[in-house]
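Coordinate-derived values only; no laboratory data. What you see is a predicted model; the values in this text were computed from it and never measured. Note that each Cβ is placed from the backbone with ideal geometry, even for glycine, and that neighbours are counted across all protein chains shown.
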Amino acid sequence: MHSRISHKTLSLLLKGLVIVHLLLVISGCATTNQFVVAQYNTTATEKFPNLSVFYQHPPKALRTFCEEFDQKSLLHHCSLNDIGLNKFHNALDDSQLFEGVYYANQDVDYKLLISTAHYNHEGGDELGQAVIAGATLMLAPVIVNTDIKVDASLTWNGQVIKHMQYDLPFTNNITLFTAQQDHKQDMATSVVSHIIRDFQQENLFSASLLYQKLDATDYTTATLPETTRHFIRSDHYQFHHPFNGLMTRYTHKTFEFDHIDAFIYPIRHWDLNNDSFLLSEELDNYKREMEIYLKEAKFSELNIIEATQVSIENNNTKIPAAYLKATYQTDEQQSVTTILYIFRNKDKFVKVRSTYESEANLSDQVVTFSQELASRISVPDESLYMMKARKMLKEASLKEGLKSE
């Protein structure tokens, strides 16, 4: 004998189905959600660099999964990218682990591309709860168990640093009187916690990893003196762009507030055969950077005392160098002197810079330091990244030359 479902039972089930579906779509009542938050260091002292978050078009595997799951029955539901991009932005920003978090900003070097598939199967328990909830005007809870598939990539100017995939459970517990929560924001919080955990565990924002991915120079392999006549090496920092290279700070042995910074970075030009031209151009670049800095800091204009090309003595040889001495006034009327030496080593510039209160007069010590550094420094050879970059610069320059003829 075949069992028969009464019209009343069928009606209640259909109503329950509608209620569950609506709850998934709009979550109109208050919720207390249960979701997995990955553990990560929330008090990291060094912040991650700026990050911009984007939707990415769901990859084929994710689209296929969602389509096939959705077509299984009327009780199977799957939707793509239904968690607002602003929710991911909020979760990343709330972590306070980044220098800045941006919303679909193409000018930011590091980008996080995210796509999601949010899916669930309405079982008998959920339908039963929905029927009871409907009969009690939502006084009884409805528990909706869903899952979130995540496909995300961290990139640097188009170069993929890490591809990440997750499959995360999420329980949407809906009642009338519980505290109001945003279930989509909770989903984003769960996803972002796993992404940040991987950022930290795999050190994905390290400059060394970036340079490795790009086939760029690892400047930490450069050899610099640990100590000179007046200064001792105290710190170094590799920038998150291969064009900026490495900065090493040297602190005065006696006066700890006096320091000299030594920079190593690639010559950003394709023709390396004219040292005089390259040094002159780089000195002009520095003057422009200083003028921008002083304007933004609301300091006085740069007063250039001397800007010329000189030679640095190195084991009875003379190394061509650019030299700058200038002063400016801070907003507190403090007179500051900056001294700069730039010289070439292989395909790279070595820049020595010291900025100090004018009354300290470190000029002679900066000269001595530059001479010692020039004789003892060793830098890596030209990288594959810079070979490709210079080839592109040369091709662009030649095309521009043809246009101007």
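A few comments on the model shown:
- Label-point gap, in nm, between Gln71 and Ser358 - each point 7 angstrom along Cα→Cβ: 7.8 nm
- When all alpha carbon pairs of the range 242-327 are counted in 10 Å bins from zero, the resulting P(r) reads 13, 35, 42, 10, 1 %.
- Centre-to-centre, using Cα atoms only, the range 60-80 and the range 261-306 are separated by 57 Å.
- Residue by residue, the range 82-89 carries 3J(HN,Hα) couplings of 9, 9, x, 4, 5, 5, 5, 4 Hz when phi is fed to the Karplus relation 6.51 cos²θ - 1.76 cosθ + 1.60 (θ = phi - 60°); x denotes Gly or Pro.
- Per-residue HN-Hα couplings for the range 368-376 [Karplus 6.51, -1.76, 1.60; θ = phi - 60°; Hz; x = Gly/Pro]: 4, 4, 4, 5, 5, 5, 4, 7, 10
- Centre separation in Å (Cα based) which lies between the range 186-213 and the range 348-382: 36 Å
- With R₀ set to 45 Å, the beta-carbon distance separating Lys60 from Lys346 gives a calculated FRET efficiency near 0.50.
- Sequence-distant contacts, meaning Cα pairs under 8 Å at least 6 residues apart, place the relative contact order of the range 318-361 at 34 percent.
- Annotation: lysines with alpha-carbon distance below 29 angstrom to Lys87 (same-chain offsets under eight excluded): Lys47, Lys60, Lys111, Lys149, Lys162, Lys184.
- Trypsin sites (Lys or Arg not before Pro) within the range 253-337, DSSP loop, no more than 13 other Cβ atoms inside 10 Å: Lys253, Lys298
- The chymotrypsin sites (Phe, Trp or Tyr not before Pro) of the range 219-277 that DSSP puts in a loop, and whose beta carbon has at most 13 other beta carbons within 10 Å, are Phe243, Phe255, Phe257.
- When the inverse distances between all different Cα atoms of the range 180-243 are averaged and flipped, the Kirkwood radius reads 15.3 angstrom.
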